[in-house]
Amino acid sequence: MPYPTRLDLRPCLGDGSLELPRRVLEAQVEKVWGVIRRGWLLPAVLMLASCASKTPGVARRLMETPQMSDPAHAEVSARLAAMVGAYEVERLTANVGSARPEGFGRQSALLHAATAAAAARDGRRRQPVIAAAGSYSFTRAWRTAATWIMLDAVPPHGAPVVGFPGTQAGQTMLRLRSVADVPLLVRGRCDGPAQLRGNRFSRSAAAAGETFALHLPPGPTDRTRLILGADVQRCRLELGPENLSARHVLMLEREDIGNPALAALDTRLDVCAVPPAGELDPLEQAFLADRWLSRSCAMPVVPVRLLPDATEAFNAKVAALTGHPLDPLALAVADPEMPLDFSQAPHLELILLSYLQLRADFSGRLILRMIEHHAARGTGVRILISDNLATRKDLAMLARLAAAYPSVQVQSFRWQPPAGIGPATLSEWLQRGNHTKAFATLAAEPERSRLILGGRNLHDGFLFDTPRNLSDHPELHDYNRRLRSPLAYFATYDDLEVEIAGDAAVRTITAHLGTLWHRDAASSVIRPFSVTTEVTGAPRRGMVHLLSVPQADGQALERWFVELFNAAERRIDIASPYLNPTPPLTAALKRALDRGVAVRILTPALPPTDPLSGLKTGFINATLRRLGPRVEAWLYHHPTRLLHAKLLIIDDRLTILSSANMNARSFLYDTENGIAVLDPAFADTLGQLFANWLSEAEPVGKAEAPGALVQFMLRSKTLRSWF
C-alpha cells in the first residue's frame, strides 16, 4: 500500500505543522486497520473521527502563559491551565499513539506546555493567596463555549433577541436546531468573522458583515454549527421556509454584552477569608481548606426548609414561579394543561434548572408552562440536562420552549473523551452525565429568591406513587404504555431536598452553578469559583456549595470525602440509595472503624420498579461485606418507593446534603453538587431526620454474597465503576 512519506497533523494536534516519518504513519494506519480486521468497524471510524479536534488557540495561550499579576486571578489561571493541560496531554498522546519519533511527543512545544501545566493538578490542598477577601471579576478568555439555538419557521414570542454565552470564551459554537416541520433557509451576517459547519461535512467562513446562508432540515438530527470568534457580539439572522414565503428576523447577541448584571454574576470570583490552619481542628481544616474541588466561600448558615415530602417539594418549585402552591387535589388529577394563576408571581431576573432528568411528563410540562410565563416577560432561563438520559420527547419539549421564547437557553451535558470515542472510551462516553440537581430563581424582590437542591429529578416518579394517564397528550410520556422509550421507565422515590430563601446565599450558589453552565465545551473544565486567604479570627463554621466535575478536577470530591472520613472522631452517618464506594473511600471508612468511629449506613431495599435493582443490590451486599461486621447497616423497606436521599453527617457537626451517591460513578464519572454545613444545630436537625429513617428500617445481619454477575463486574475496574 503506497503511503505518503509525510503527514500533516495540524487538524488533529493544533501544534503547527508536525511531520511524521513513514514508520510512524505506518504504525497509525496499522493501529486502525487492526481494529477493522477484528470486525470493529464502528470503533475504527470513531477513532478516525476523533482526529478532527484540535487545541483551541485560547487553551494553548492559557497553558503557555497562565500567569497573571493579581494573586487571586493568577491562582485561578494556574488551576485552569492545569485542568485544561491534563485534558490536552491525554488527547495529544492518544492521537499520536505509542510511537515517539525524535522531535515529536514529549519534545512537542504544545505537549510540553500541557505536561508542565498538568503537573500542578496533584490533588493536594491549595495554599491560601495573599489578597483581600471579597468578590472580584474574572474575565480572561480561556474556553470554548457551546449552546443550542432553537429555530422555527414562525416568529418567537416577545423580543426576537437570543443571548448566546460568550463569557470568558475564545470562541462560541452555536448548535442550530430546527423545530419546524419544513426545511429552513437561514441567511445571516455577524459583526465579526464566523465559521459555518453544515450537514455532510460542508465547511465555509464568512467575514465580518458578509452574508452567509445555511440550510436546516426538519427534525433533531441536524449538525449545523455557527462558530463565532471572541470579537463577535451580534449576528442578524433572517429565516423561514426554504421558499422564503414567510420570513422573520432573529438577533443573536452575546449575553454579557446585552445583560451586564448577568455578566457580573457569571464572572464572579470570590476570595474567602479562612482562619489560619493552626487555629482549626482536623474537621474544620478539612471543611475550610482550599482544594481542587470547586466550592463557594463559607456563608452564614441561613434558615432552610427541609423538603422530604414529595408534594411539598414540588409545590416549593411551583411557589417560586407563581407565588403560591397548587392545591394537592389538583396535582393529583395531573392535568398538564390545568389553569394557572400568576397574579402573585414574583418578578424574576433569572431561572436556572439543572437535572439528570427533566422528563416530558406531567411534572416537566407543568413546570415549563410556568417558565413560559416568565420567559414571555424577558426573564433569562437556563436549562442544563444530561444528554445521555434525555429522550426524544424530552428534547423536543425543551426545543419547542426555547424556539418560542428567545430568552430560554438549553444545554445538554455530554462528556467528550480526550482520545475520541473508541473501544476504550465508549463506555465512559455513554456513562458520564450531569447529575447535579438545582432549581434557582433570582427575584427582583430579594426576599423572593429561592434555591432548591438535593436528590430529586423533575419527573413524575418523584411526585406520584403510580403513573398518571397522559394518553391524551402524545407529546408527553405515557408511562402506562408498554411500548415506550427504554429510558422513560417509571420508578417511584422518597427523597430529600432543601429550600434556601436568603437572597445572598441564593445568588452566590447560582453564580457558582454558572461556572458549570460556562464550562469548556471540549474538556468540561469549569472555572474555580473561589480561592482562600488567611485571616485571623475568620468564621470557623458556615455553609458552602460544592460542585464536582471528576474528569476535570482529578476526582477532587473523592479526595475531599477521604479527608472528611479521616477527620471523623466519633461517628459517620451515611444515607445513600446505592452503595459501591471507590477503594480510597472504602479504605478511609475502614481506618475510621479502626479508630473506634461508629459508622452507620442506611440504604434502601430496591423495589422491582428499578430496572437494575438486582445488580445494584448485589453491589450493596458486596460493599457491606468489604466493610465487615463493625459497620452498623440498616435496610429501609418500602413496597414501591426507593429512598433516594443522599446524606452524610460526621460527628454531629458536619452535614452534606447533595446529589452524590456513595458509589463509584458519583465520584469518578458524574457531575455532582450540594451543600456542606459545619454547624451542630443544622447537623442535629438532619440527624433527627436520619433517626426517623432508621426507626422505619431494619438492621442488616450478614450481607448476602453477591451473584456471579456482580462478582465478575467487581473484578473489572471499568464495570464496577458503572454503579
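A Cβ distance below 9 Å, combined with a sequence gap of six or more or placement on separate chains, defines the contacts here; from region 487-504, residues that are in a helix (DSSP H, G or I) reach residues that are among the β-branched types (Val, Ile, Thr) in the pairs ALA504/VAL302.
Got a sec? Which of ALA263, ALA313, ALA298 is crowded, with 20+ Cβ neighbours inside 10 Å, touching an Asp or Glu at 6+ places or on another chain (Cβ under 7 Å) and among the small types (Gly, Ala, Ser)?
Details: ALA263 fails: crowded, with 20+ Cβ neighbours inside 10 Å; ALA298 fails: touching an Asp or Glu at 6+ places or on another chain (Cβ under 7 Å).
Among ALA263, ALA313, ALA298, only ALA313 is crowded, with 20+ Cβ neighbours inside 10 Å, touching an Asp or Glu at 6+ places or on another chain (Cβ under 7 Å) and among the small types (Gly, Ala, Ser).
What are the residues in region 113-128 that are closer than 26 Å to GLU284 by Cβ and either more than 24 Å from the chain's Cα centre (by Cα) or not in a loop (DSSP other than H, G, I, E, B) (or both), if any? Passing the criteria: GLN127, PRO128.
Could you tell me whether ARG177 is out of contact with any Cys (no Cβ under 7 Å at 6 or more places or on another chain), among the charged types (D, E, K, R) and modelled with pLDDT under 90?
Values: out of contact with any Cys (no Cβ under 7 Å at 6 or more places or on another chain): yes; among the charged types (D, E, K, R): yes; modelled with pLDDT under 90: no.
Judged against the criteria, ARG177 is not a match.
Which residue, of ASP652, ASP670, ASP679, ASP684, is buried (at least 22 other Cβ atoms within 10 Å of the Cβ), among the acidic types (Asp, Glu) and assigned by TED's automatic domain parsing to the domain that holds LEU288?
Working: ASP652 fails: buried (at least 22 other Cβ atoms within 10 Å of the Cβ); ASP679 fails: buried (at least 22 other Cβ atoms within 10 Å of the Cβ); ASP684 fails: buried (at least 22 other Cβ atoms within 10 Å of the Cβ).
Just a single option satisfies the conditions, and that option is ASP670.
Taking region 278-288 on its own, how many of its residues are surrounded by 19 or more Cβ atoms within 10 Å (Cβ to Cβ) and either within 26 Å of the chain's Cα centre (by Cα) or assigned to a loop (DSSP other than H, G, I, E, B) (or both)? Final tally of qualifying residues: 3. Confirm whether ASP231 is under 30 Å from ILE656 (Cβ atoms) and of a type in the set (D, E, K, R). Spelling it out, it is not the case that ASP231 is under 30 Å from ILE656 (Cβ atoms) and of a type in the set (D, E, K, R).
Every residue, every condition in (1) assigned by TED's automatic domain parsing to the domain that holds ALA424; (2) part of a loop (DSSP other than H, G, I, E, B); (3) touching a helix residue (DSSP H, G or I) at 6+ places or on another chain (Cβ under 9 Å); (4) under 26 Å from LEU356 (Cβ atoms), yes or no:
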| position | (1), (2), (3), (4) |
| --- | --- |
| ARG626 | no, no, yes, no |
| PRO629 | no, yes, no, no |
| ALA645 | no, yes, yes, yes |
| LEU648 | no, no, yes, yes |
| ALA660 | no, yes, yes, yes |
| GLY674 | no, no, no, yes |
| TRP693 | no, no, no, yes |
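From THR139, THR172, THR167, grab the single residue that is over 30 Å from ILE421 (Cα atoms) and either modelled with pLDDT under 90 or β-branched (Val, Ile, Thr) (or both).
Working: THR172 fails: over 30 Å from ILE421 (Cα atoms); THR167 fails: over 30 Å from ILE421 (Cα atoms).
Answer to the selection: THR139.
Return the residues of region 366-390 that are under 22 Å from the mean Cα position of the chain (by Cα) and under 14 Å from PHE314 (Cβ atoms); say none if nothing qualifies. Those that are under 22 Å from the mean Cα position of the chain (by Cα) and under 14 Å from PHE314 (Cβ atoms): ILE367, LEU368. If you filter region 583-642 down to residues that are touching a Leu at 6+ places or on another chain (Cβ under 9 Å) and among the small types (Gly, Ala, Ser), you find that the one that is surrounded by the fewest Cβ atoms within 10 Å (Cβ to Cβ) is GLY628. Contact annotation: residue pairs with Cβ atoms under 7 Å, 6 or more positions apart or on different chains, pairing a residue in region 611-629 that is on the phi < 0 side of the Ramachandran plot and among the polar types (S, T, N, Q) with a partner that is at pLDDT below 90 and buried (at least 18 other Cβ atoms within 10 Å of the Cβ), are SER613/LEU606; THR617/LEU606; ASN621/ALA703; ASN621/PRO706.
Scanning region 695-723 for residues that are closer than 18 Å to ILE601 by Cα and part of a helix (DSSP H, G or I) returns a single hit, SER695.
The values are calculated or read from the model by the stated rules, or taken from the named source; none is laboratory data. Just so you know, these numbers come straight off a predicted model, no measurement behind them. Positions of Cβ are generated from backbone atoms using ideal geometry, with glycine treated the same way; all protein chains shown enter the neighbour counts.
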